[in-house]
Amino acid sequence: MKNSSPRSKIGIFIIVLGFISPLFGLIIPFLGFDTTTTAALVTVFMVGGPEILIVLGGLLAGKEGILLVKNKVKRLFGLPEGKYPATRSQYTVAVILLLLWFVVTVFSGYIPGFYEIPFVRDNILWLCIGADVIFLIAIFGFGGHQMITKFSRLLKWEPWELPDKG
């Protein structure tokens, strides 16, 4: 990272901040804020905030920064660095984990009374942390280069070509 641009370094810093922001959410309840402020801050640091920071950091870091962060995360999970193809079963597991993440983080909000279920209400923090871990494992652990390439194509603008009516 010694030849990295300042933009790339800022992007990497924001990505790291996105990964550690749930830890700030664990500290907020002990700071003595009123209940509304505490709930709002914990929500920002636990749900949504990490994802937004990671995407924003990825946009700033560019390919160079993303490759550096990807390799560090892969090393953390004991996976080989660089680009490697995922097997069909690995990719299937990644898709299943992403669907599970979607159900836990997005779909569950549309189920009336879901957050009032005693187990969910008592363990919402751990469910949010678990969902973020599932997302990261799906993308970096099982999805391989194919999954990361698909996500990067989602963020890249491509001109739209309409088929000929001929």
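The values are calculated or read from the model by the stated rules, or taken from the named source; none is laboratory data. This one's a predicted model, so the numbers in the text were calculated from it and none came from an experiment. Here Cβ is always computed from backbone atoms with ideal geometry, including for glycine, and neighbour counts include all displayed protein chains.
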Among helices (runs of 4 or more DSSP H) entirely inside the range 1-115, those with 2 or more residues being assigned by TED's automatic domain parsing to the domain that holds Ala138 and farther than 26 Å from Leu154 by Cα are none
Of the residues in the range 80-89, those that are at pLDDT 70 or above and within 15 Å of Ala138 (Cα to Cα) come to Pro85, Ala86, Thr87, Arg88, Ser89
What about Ser8, is it among the polar types (S, T, N, Q) and touching a residue at least 40 places away in the same chain (Cβ under 8 Å)?
yes
Can you confirm whether the range 106-117 contains a residue that is of a type in the set (Val, Ile, Thr) and under 27 Å from Gly78 (Cβ atoms)?
no
